[in-house]
Amino acid sequence: PTPVVAHDLIYITSAHGRLAPIYAVDAMARGELDLTHEHVAWSDTRRGNYMQTPIVVGNLLFLCNDAGILTCRDAHTGEVHYRERLGGGGTAGFTASAVAADGKLYVTAEEGEVYVVAASSEFKLLEMNGMGETCMATPAISEGVIYWRTRGHVIAVER
């Protein structure tokens, strides 16, 4: 996943291998760091993402992993506000990174379902929309339009 910078912290996550860490590191830190370094604001060795880039909305950090488990954390402290599974019984895969607009997160499952979740510290699923085909790419947002690339189409949705 791509590191994300917000609130003078760099959020780094990776879940390749035995551990699945997430770190929040002072953006001005220099040199070699370990988990006990003063510039590591907080960390968790077990809740990071494999491919999906996390997203910061306001003071909240959101991560959605391969299994569709959406986690909301306090971006400053790492405190977990919630961990909720999107999708039915956990059979859907999630490869695309979440995007945000208008106080909402858009989380896309590989089977083409788009979960619209309130970008708040309390979990609230607002909507689920199916696109009818495989979607593994992260959507793009520009000037009030969200663009999804599915297996065979580009879909644009304007608010």
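The values are calculated or read from the model by the stated rules, or taken from the named source; none is laboratory data. This one's a predicted model, so the numbers in the text were calculated from it and none came from an experiment. Glycine also receives a Cβ, built like all others from the backbone with ideal geometry; neighbour counts cover every protein chain displayed. Please note that ligands, DNA and RNA were not included when accessible areas were found on the heavy atoms of the full protein model with its side chains. Shrake-Rupley method; radii C 1.70, N 1.55, O 1.52, S 1.80 Å.
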Over 22 Å from PRO21 (Cβ atoms) and open to solvent by less than 30 Å² (accessible area, probe 1.4 Å): which single residue out of THR95, THR134, THR108 fits that description?
THR108
So in region 50-74, with the set limited to residues that are among the hydrophobic types (A, V, I, L, M, F, W, C) and free of Cβ contacts under 8 Å to residues at least 40 places away in the same chain, which one is nearest to ALA119 (Cα to Cα)?
ILE69
Restricting attention to region 45-78, and to residues there that are over 16 Å from HIS7 (Cβ atoms) and of a type in the set (Lys, Arg), which single residue is least open to solvent (accessible area, probe 1.4 Å)?
ARG47
Considering only residues of region 13-25 that are open to solvent by less than 50 Å² (accessible area, probe 1.4 Å) and in a strand (DSSP E or B), which is nearest to ARG47 (Cα to Cα)?
ILE22
Condition first: more than 16 Å from the chain's Cα centre (by Cα) and in a strand (DSSP E or B). Now tell me which residues in region 110-139 satisfy that.
LEU126, GLU127, MET128, ASN129, GLY130
Among all residue pairs at least 6 apart or on different chains, which show Cβ distances below 6 Å where the first residue, located in region 1-29, is touching a residue at least 60 places away in the same chain (Cβ under 8 Å) and the second is of a type in the set (Gly, Ala, Ser) and part of a loop (DSSP other than H, G, I, E, B)?
HIS7/ALA75
When you scan region 101-109, do you find a residue that is among the hydrophobic types (A, V, I, L, M, F, W, C), more than 30 Å from ILE155 (Cα to Cα) and either touching an Asp or Glu at 6+ places or on another chain (Cβ under 8 Å) or not in a loop (DSSP other than H, G, I, E, B) (or both), even just one?
no
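With the requirement that a residue be part of a loop (DSSP other than H, G, I, E, B) and either open to solvent by less than 60 Å² (accessible area, probe 1.4 Å) or under 14 Å from GLY112 (Cα atoms) (or both), what does region 140-157 give you?
Result: GLY144, THR150, ARG151, GLY152, HIS153.
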